Structures are given as C-alpha cells and as structure tokens.
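What follows is calculated from the coordinates using simple rules that are stated; it is not laboratory data. Please read these numbers as outputs of a predicted model, since none were measured by experiment. Note that we place each Cβ from the backbone using ideal geometry, even for glycine, and neighbour counts take in every protein chain shown.
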Amino acid sequence: MISVIPLRRAALAVLEAGAFDGIAPPRRLIARPVDCPAAFYIWGAAGLSWRGRRLALAASLALREEVYPDLPLYSRAATADGERVLQRRMGATPIAGGLVRAAPRAWEIAA
C-alpha cells in the first residue's frame, strides 16, 4: 500500500517550515487534477510481508524516478525503518518538524 498527496506551490513554504500536517492536510495545499503539482508527499507506504514492503518501496521509487522526477519528495517517517528507507533509498534529508525532503530526481540525474 502506498498513499501519495500531490501538492500545490503554496505547500512548499509550509513543508519547509516543518508545519505540514500530513494527517489532515489543508485542502488549499492539495493539488487538484487541473493543477500542476509543485511537490509530492508520501503519506504512507507499508506492506504486511517482505514482498509487500518491497512492492511499496518499488512503487515509491517509481513515483520519484518516473512519475514525478521534476518534483521534490516530502515525507515523515513513522518508524526507524521508514526513516532509514527514506534517507538511504530515496535520498531524503531531514528538515524542520520531523519531515524529510528529497530533491527532484531530475536534478540528481543532470548533475
């Protein structure tokens, strides 16, 4: 299972300040189908088995590398394992408020 929230440009300042509420994100920050998202937030990624967790990670990586390569990824780890995956596999670094951010993948490829 993976849950992702595409976000509008107005969400960037809130995310960077560590004030984003991933449990109840303000509707004004969520990108609508007609909007061009400015970032995406991985709200949850989980699996009941090793295979399920592996598939959730694969889906998360595909979102970062193929679906939204030009957008920064934000998330908040719920577990130590989740934090390790976000930092080691997704390239995220800690920012304010317990959030992590990974630069747009397209920037890494170009560098």
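Taking every C-alpha pair closer than 8 Å and separated by at least 6 residues, the mean separation divided by the residue count of the chain gives a relative contact order of 28 percent. Met1 sits among other residues whose Cβ lies under 15 Å from its own Cβ, and their net charge, with Lys and Arg +1 and Asp and Glu -1, is +3.
Summing Cβ point charges (Lys, Arg +1; Asp, Glu -1) relative to the Cα centre of the chain gives a dipole of roughly 200 debye. The angle between the Cα long axis of helix 50-62 and the longest principal axis of the Cα atoms of the chain comes to about 40 degrees, rounded to the nearest 10.
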